[in-house]
Amino acid sequence: MSEARVQRLLGLLEEQGLDALLVTGRQNVRYITGFSGSNGVAVLRRDTSALVTDGRYKEQAAREAPSWETDIYTRDITDEIRARLADSTSVGIEDSSSIAFQSRLATALPDVELKPTSGMVEQLRALKEPGEIEAIRAAVESAAKAWETLLPMIQPGVTERQLAAALDYRMMSAGADKPAFDTVVASGPNAAMPHAKATDRPLAEGDLIVIDFGALKDGYCCDVTRTVALGEISKRAVEVLGAVRSSWDAGFASIAPGVAAAHADLAARGQLERLGFGEEFVHSLGHGLGLEVHEKPTLSKLSKETLEPGMVFTIEPGIYIEGEMGARHEETVLLTTDGCEILTKGINL
Ligand code: ZN
Ligand code: ZN
């Protein structure tokens, strides 16, 4: 698995005229080597590549990245990297690595031209392999089981925090390694903040409650939002819920292989504008996910990306009315050659 990814990345290296690439992003290192520790750099070269890490990870690196030569550094990681790159002339370094690290490397390798690179591994990660899609399905399964047992708990008087804690506990009981991100439970006026933190507010009759959650399983995430109407809700709230759903449908219907990501955003946004809620949709339509909960592609009106089969991303329009209410509907979907599969479809109200 890692070998095919390495070959694809070496192809990109050649296109950019680089002799070597330093992969520093934690999830990028994991994607390329299999190593999931918190400290490691992959030195990728056409001849011999190596994973550089410290002594704490000797055993883990051997287990998770068996096909990689591993260098263990004792003093400074740049010592080992320098030894690997002494004969290189042009080396790419991920531009997400820290400035401090880049300047230490520049000092260690005065004769090597270090070129910041952007999004090379991320570009590969955007197209999921079958094994990755299976991992995302497994994450969805934990989230779905947790959701099913949470539903009876959504009652007046229960606080947002209690609900968030219960959902996290249930996802882990159902086999998730952990929640993929801080679970959002935002009720009543709190739901007007797209990324609200759960508070001690008790749920009340008439609330719309935005619950945004996801499980992390074997390194892969899922991401889903449901808006629950508690008891009798206002006419305005009914209208908001309906508008979010029809915007979601418009976004979904616009998606096909080869469609611009920006087009999908505009389709969903256009629907909300027609319904009078254009100003209240304050974020982009969706994002790719996989090893991280936000990765390529970005479904925003400014995105330059094209949607391709094998991409997994969210569709999540929302309406946020300050001081009043909020609603969002989010599914994780997989784009295939014949259409779009909703991976989180089994998570129902
Ligand atoms: Zn979400
Ligand atoms: Zn999301």
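Overview of values
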| item | result |
| --- | --- |
| Residue in the stretch 89-97 that is open to solvent by less than 60 Å² (accessible area, probe 1.4 Å) and assigned to a helix (DSSP H, G or I) present | no |
| Number of positions in the stretch 288-313 that are surrounded by fewer than 23 Cβ atoms within 10 Å (Cβ to Cβ), among the β-branched types (Val, Ile, Thr) and within 16 Å of ligand 1 (Cβ to nearest atom) | 2 |
| Sole residue being closer than 23 Å to ASP218 by Cβ and of a type outside the set (A, V, I, L, M, F, W, C), chosen from GLU134, GLU113, GLU160 | GLU134 |
| Residue satisfying condition, being modelled with pLDDT of 95 or more, open to solvent by less than 20 Å² (accessible area, probe 1.4 Å) and under 21 Å from the mean Cα position of the chain (by Cα), within set ALA138, ALA143, ALA166 | ALA143 |
| Qualifying residue in the stretch 323-334 (condition: open to solvent by 30 Å² or more (accessible area, probe 1.4 Å), more than 14 Å from ligand 2 (Cβ to nearest atom) and at pLDDT 95 or above) | yes |
| Out of ILE81, ILE72, sole residue that is aliphatic (A, V, I, L, M), more than 22 Å from LEU291 (Cβ to Cβ) and surrounded by fewer than 22 Cβ atoms within 10 Å (Cβ to Cβ) | ILE72 |
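Let's see how each residue does on (1) within 25 Å of GLU341 (Cα to Cα); (2) in contact with a Phe, Trp or Tyr (Cβ under 9 Å, 6 or more places away or on another chain); (3) in a helix (DSSP H, G or I):
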{"residue": "GLY131", "(1), (2), (3)": "yes, no, yes"}
{"residue": "ALA138", "(1), (2), (3)": "yes, yes, yes"}
{"residue": "ALA146", "(1), (2), (3)": "yes, yes, yes"}
{"residue": "THR149", "(1), (2), (3)": "yes, no, yes"}
{"residue": "PRO156", "(1), (2), (3)": "no, no, no"}
{"residue": "ARG170", "(1), (2), (3)": "no, yes, yes"}
{"residue": "ASP200", "(1), (2), (3)": "no, no, no"}
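The values are calculated or read from the model by the stated rules, or taken from the named source; none is laboratory data. For clarity, every value in this text was computed on a predicted model and none was experimentally measured. When we count neighbours, we look across all protein chains shown, and the Cβ atoms used for this are built from the backbone with ideal geometry, even at glycine. Keep in mind that these areas ignore ligands, DNA and RNA; they rest on the heavy atoms of the full protein, side chains included. Shrake-Rupley method; radii C 1.70, N 1.55, O 1.52, S 1.80 Å.
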